[in-house]
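All remarks here apply to the structure that follows.
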Amino acid sequence: MRVDSADKVWLDSHRRPVVNAFCGQCNKLHGHRFIPAQSISITTQEGWYQLYLNDMLFWNGNQEVLADTIEAVPEKMIRFTIVNINQNRVVRIGQNPMTRFYMCRSCGNHLVSYENKLFMDTSLGAIICKDAVNMRVDSADKVWLDRNRRPVVNASCSQCNQLHGHQFLRAKSISLTNQEGWYRLFLKQMLLWDGSQVVFADTLQPVPQLVSFTVGPLK
């Protein structure tokens with residue numbers, strides 16, 4: 001998502017200051033992003049987005065549907081190819097009491113929102129998640145088999161190259177917890193913003209103040 005600069009602010013129907021938000025790939029206008037206001041609203045927090053359903057599609061776990069009607073996408077619609085996010089572009093998650101997310105323990109890079117955690121792999125001290133950001137994965141020619149004989153590639157922080165786990169590739173057998181494209185990330189390599197402070201993801205103990213990087217709200 002690309003947003004206009006602060007000098008292009010305008011007021012929405014509730015007199016809330018916003019800037020336009022566009023698709024980062026095709027520049028389609030999708031809605032707007034809320035910026036600081038004198039009054040605070042539960043539903044329009046600073047940094048949140050309001051995006052229009054009639055401009056989006058939705059993957060429901062089985063097929064693409066129109067986001068506003070939940071009807072299947074007509075075959076006659078122009079097709080497109082989903083591509084990976086530019087790995088040089090850093091995604092930031094807003095740090096506030098309403099959010100929780102995992103970060104790289106080495107550099108503080110934001111990796112996974114807490115809501116994207118699907119399962120816990122307690123035997124390995126890891127989480128299984130569907131989506132991750134700011135992550136670099138090895139090419140398919142570097143595939144290897146995990147202990148369950150599942151084909152995977154290594155997944156590392158795009159900023160400092162710290163190895164965080166791996167991404168599952170297509171396998172002959174289907175697993176409920178190891179779907180193609182999902183990630184297994186090790187807690188001992190991450191920190192967690194818990195809504196009020198940064199803690200170690202594996203122990204949930206507060207991180208000492210001497211940590212050498214900073215995290216903060218999206219500007």
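Restricting attention to region 70-103, the residues that are at pLDDT 80 or above and surrounded by 10 or more Cβ atoms within 10 Å (Cβ to Cβ) total 9.
Residue-by-condition table, conditions (1) over 18 Å from ILE93 (Cα atoms); (2) modelled with pLDDT under 90:
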residue	(1), (2)
ASP141	yes, yes
TRP144	yes, no
ASN161	yes, no
GLN167	yes, no
ASN178	yes, yes
LEU192	no, no
VAL198	no, no
GLN209	yes, yes
VAL215	no, yes
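Within region 104-139, if we keep just the residues that are part of a strand (DSSP E or B) and in contact with a helix residue (DSSP H, G or I) (Cβ under 8 Å, 6 or more places away or on another chain), the residue that is modelled with the lowest pLDDT turns out to be CYS129.
The set of residues from region 89-137 being over 24 Å from ARG2 (Cβ atoms) and among the polar types (S, T, N, Q) comprises SER106, THR122, SER123.
Of the residues making up region 147-173, those that are in a loop (DSSP other than H, G, I, E, B) and in contact (Cβ under 8 Å) with a residue 24 or more places away in the chain are ASN148, ARG150, SER158, GLN159, CYS160, ASN161, GLN162, LEU169.
The values are calculated or read from the model by the stated rules, or taken from the named source; none is laboratory data. The shown structure was predicted, so the numbers you read here are calculated from the model rather than taken from an experiment. In this analysis, Cβ positions are derived from the backbone assuming ideal geometry, glycine residues included, and neighbour counts consider all displayed protein chains.
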